[in-house]
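Take a look at the structure below.
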Protein chains: 2
Amino acid sequence: MDMPDTTDFDLERFLPYLLNQAAEATSRSFHATYKASYGMTRTQWRVLANLGKFGSMTARDICTISHIEKTKVSRAVSALEAEGLLTRSPSPQDRRAEILALTDQGRVIFADLGQRAIAYDQALRAQIGPEIAAQLDDLLRRIIAEGELGPPED
Amino acid sequence: MDMPDTTDFDLERFLPYLLNQAAEATSRSFHATYKASYGMTRTQWRVLANLGKFGSMTARDICTISHIEKTKVSRAVSALEAEGLLTRSPSPQDRRAEILALTDQGRVIFADLGQRAIAYDQALRAQIGPEIAAQLDDLLRRIIAEGELGPPED
DNA sequence: CATTAATAGTTGCACTCGCAACTAAGTCAA
DNA sequence: TTGACTTAGTTGCGAGTGCAACTATTAATG
């Protein structure tokens with residue numbers, strides 16, 4: 001009737017750790033791409049990608065869709081605007097909100113990075129096998145959806 | 001003979017993005033645990049966990065094993081030492097290196113957090129199903145191992 | 001040996017992040 | 001319409017991070 005030996009804990013078998021390592025490994029080289037080409041932050045890239053995908057929307061919409069904190073979005077929007085990649089225009093329905101839209105230049109860059117992202121993603125999936133990659137997608141989405149299973153409540 | 005429409009790029013199908021979201025979702029609540037209980041950083045927790053698992057080793061060993069940047073390790077070690085959770089002693093073989101070892105207090109905390117980590121990990125795996133979780137482990141390890149498949153080389 | 005290169009670890013700096021506090025605008029109800 | 005409450009977005013601040021430069025020591029090479 002042994003208790004599990006607590007010194008048995010092994011980071012290498014800890015799912016959050018593995019997910020982090022995998023995320024960092026796969027993010028790093030693509031991050032280098034958009035950073036080198038356009039001096040972009042990961043958050044900026046994500047905001048750009050959302051606007052590219054969905055068209056005009058407010059900062060709040062981006063927060064809701066992508067689960068990025070509003071302060072990160074706010075700063076990313078400022079930076080992208082300063083670079084001339086997006087414009088803000090006041091929302092007619094709500095004067096607190098601003099409608100964000102990519103400029104032509106923003107769309108060009110989104111097209112470029114989008115293409116490279118697709119290529120990178122395909123290379124990744126090819127390495128682990130396309131069917132398995134599809135399974136992986138499902139698993140990750142489930143984990144994301146389960147979201148926080150509240151703290152261990154000990 | 002269409003080129004793939006570049007506006008088709010969808011963050012939600014981008015593996016690095018999914019991995020990141022999943023990693024953040026699973027890390028967040030456990031991060032809250034060690035932060036609240038011991039005011040620890042993720043890097044500090046990882047250094048502690050490595051020392052707990054492998055016993056005495058140098059900072060460089062930790063870097064090699066866990067792929068954490070040496071500056072992060074350096075600062076984490078300083079912080080853990082300041083908290084009295086580890087000691088440094090000069091290496092007899094190499095006067096540049098220091099041998100790191102957990103103090104009794106460090107081991108107690110490692111035991112505590114290790115236990116909680118195991119519980120958290122098991123809860124996570126239970127949610128997605130244990131067999132599937134095992135598959136996920138394999139996949140993640142493969143992705144980590146493939147490591148950087150060099151930048152797209154376009 | 002003497003020099004040059006490599007390595008262990010630290011530090012300075014510029015930047016990103018997370019959180020709380022804040023402004024401005026909209027909502028709801030008495 | 002006034003007052004309490006919520007929401008969109010911004011800003012200040014403390015803290016963590018990445019990168020490059022640096023010290024001290026060890027290894028390698030002529």
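The values are calculated or read from the model by the stated rules, or taken from the named source; none is laboratory data. Note that the structure is a prediction, hence the values are computed from the model and not measured. Methodologically, a virtual Cβ is constructed for each residue, glycine included, from the backbone with ideal geometry; neighbour enumeration extends over all protein chains shown. Each accessible area value is taken on the protein alone, full model and side chains, heavy atoms only, with ligands, DNA and RNA left out. Shrake-Rupley method; radii C 1.70, N 1.55, O 1.52, S 1.80 Å.
Only helices reaching 20 angstrom along their own axis (Cα) with mean Kyte-Doolittle hydropathy no lower than 1.6 count here, and not one DSSP H run of chain A does. Of the trypsin sites (Lys or Arg not before Pro) found in the stretch A:64-141, the ones in coil according to DSSP and having at most 11 other Cβ atoms within 10 Å of their Cβ are A:Arg95, A:Arg96.
Per residue, the solvent-accessible area of the stretch A:25-110 (1.4 Å probe, heavy atoms of protein chains only, all protein chains present) comes to 54 Å². Using Cβ point charges alone (K and R +1, D and E -1), the dipole size of the protein assembly as shown about the Cα centre works out to roughly 1060 debye. The charge dipole of chain A, taken about its Cα centre with unit charges on the Cβ of Lys, Arg, Asp and Glu (plus for the first two, minus for the last two), comes to roughly 1120 debye.
Which links in A:Lys53/B:Lys72; A:Lys53/B:Lys35; A:Lys72/B:Lys72; A:Lys35/B:Lys35; A:Lys72/B:Lys53; A:Lys70/B:Lys70 stretch past 26 Å when you go from one Cα to the other? Please report the intermediate quantities before stating the final value.
Numbers: A:Lys53/B:Lys72 36 Å; A:Lys53/B:Lys35 37 Å; A:Lys72/B:Lys72 23 Å; A:Lys35/B:Lys35 31 Å; A:Lys72/B:Lys53 36 Å; A:Lys70/B:Lys70 32 Å.
Cα-Cα > 26 Å for A:Lys53/B:Lys72; A:Lys53/B:Lys35; A:Lys35/B:Lys35; A:Lys72/B:Lys53; A:Lys70/B:Lys70; rest within.
Label-to-label distances for A:Thr64 across copies, nearest first, come out at 5.2 nm, using points 7 Å from Cα in the beta-carbon direction. Heavy-atom accessible area buried between chains B and A is around 6700 Å² (1.4 Å probe, both sides summed).
Both the radius of gyration and Dmax for the protein assembly as shown are 21.8, 72 Å, in that order, over alpha-carbon atoms.
Between A:Asp137 and A:His31, the simple label model (points 7 Å from Cα in the Cβ direction) yields a spacing of 2.5 nm.
Principal axis extents of the C-alpha atoms in the stretch B:35-145 (largest first, rounded to whole Å): 48, 32, 20.
Among the residues of the stretch A:110-127, those with an accessible-area drop of 20 Å² or more from chain alone to full protein complex, heavy atoms and 1.4 Å probe, are A:Phe110, A:Ala111, A:Gln115, A:Arg116, A:Ala117, A:Ile118, A:Tyr120, A:Asp121, A:Leu124, A:Arg125, A:Gln127. Residue of chain B with the smallest Cβ distance to the axis mapping B onto A, distance rounded to whole Å: B:Ala23, 2.
For A:Asp94, the point set 7 Å out from Cα toward Cβ sits 5.7 nm from its twins in the other copies, listed from shortest up. Surface composition of the stretch B:35-145: carbon plus sulfur atoms contribute 51% of the solvent-accessible area (1.4 Å probe, protein chains only, all chains present). Inter-copy label distances for A:Gly39: 3.8 nm (label point placed 7 Å from Cα along Cα→Cβ; shortest first).
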